[in-house]
1. Rounded to two decimals, what is Rg over Rh for segment 124-262 when you use alpha-carbon atoms and the Kirkwood radius?
2. How high is the FRET efficiency between residue 251 and residue 154 when r is their beta carbon distance and R₀ equals 41 Å, given to the nearest 0.05?
3. Please give, to one decimal in nm, the separation of the simple spin-label points placed at residue 189 and residue 108, each 7 Å out from Cα toward the Cβ.
4. Report, in deg cm²/dmol and to the nearest 500, the calculated mean residue ellipticity at 222 nm for the chain, where each DSSP H run with n ≥ 4 adds -39500 (n - 2.57) and the sum is divided by the residue count.
5. Give me D for the chain in µm² s⁻¹, whole number, from Stokes-Einstein with Rh from the Kirkwood sum over alpha-carbon pairs, 4 °C and 1.567 mPa s.
6. Place the peptides 127-137, 8-18, 93-103 in order of packing, highest mean first, counting for every residue the other Cβ atoms within 10 Å and averaging per peptide.
7. Give me the extension gain from residue 26 to residue 196: residue separation times 0.36 nm, minus the current Cα-Cα distance, reported in nm with one decimal.
8. Round to a whole angstrom and tell me the spacing of the C-alpha centers of segment 25-89 and segment 158-225.
């Protein structure tokens, strides 16, 4: 169960589809989403109840299914970055990246020397518990570990061009709910203030050759974003897919039986 190269996946042409994991930690989750044709899992530790022990279990489930794990740690603090990576994350999606300094610090915290300052522990979860030459392991980790910056504040919009220019940033990801709220228009995604902000992120991604990503609640929204240049689409999340399917099924069952009784 070797680590996977998430940076390479994100750099490929065409659509890359993810699915977010917020609620369910079961041994079969990786195989379930792999069978659905998912390219990567977005594992959340910021808004979920998952801790780092659960993260190791989820990553193992994903590796069995050959699904790379993009992990959002509880914060962009250095100790959260290093723990998430050592637990096996194939890449990190960092919240509230608002300045070029935030992005540069994230790169430094994620990368081993000489590219950064990540502390070294080998033969653990992140390298598949495998032996090997230390220098090559460090170089390999630096090559494969992806950095995704969440642009989700007014400050991030102001500085997005400089953030996108940082070497080591692979993807700009629009955090649409937080961004709209930071702009003073919560969930008003058709407001010109919001659409202008999104356009600024799109221009920065194109200018600096970075991938562009967002989470969507349904397929049509993902199609619309792809047509606008978003090449990484994260389709919904475990609890929302389950809740929607369950709600629809129960409603249809009750409605059908109610009609027969009449």
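No value in this document is a laboratory result; all are computed from the given coordinates. If you're wondering where the values come from, they're calculated on a predicted model, not measured in any experiment. Heads up, the Cβs are rebuilt from the backbone with ideal geometry, glycines too, and the neighbour counts pull from every protein chain shown.
1. 1.16
2. E(calc), rounded to 0.05, equals 0.55.
3. Those two pseudo-labels are separated by 3.6 nm.
4. It comes out at -14000 deg cm²/dmol, rounded to the nearest 500.
5. For the chosen part, D equals 68 µm²/s.
6. 93-103, 8-18, 127-137
7. Taking residue 26 through residue 196 to full extension adds about 57.1 nm, to one decimal.
8. 23
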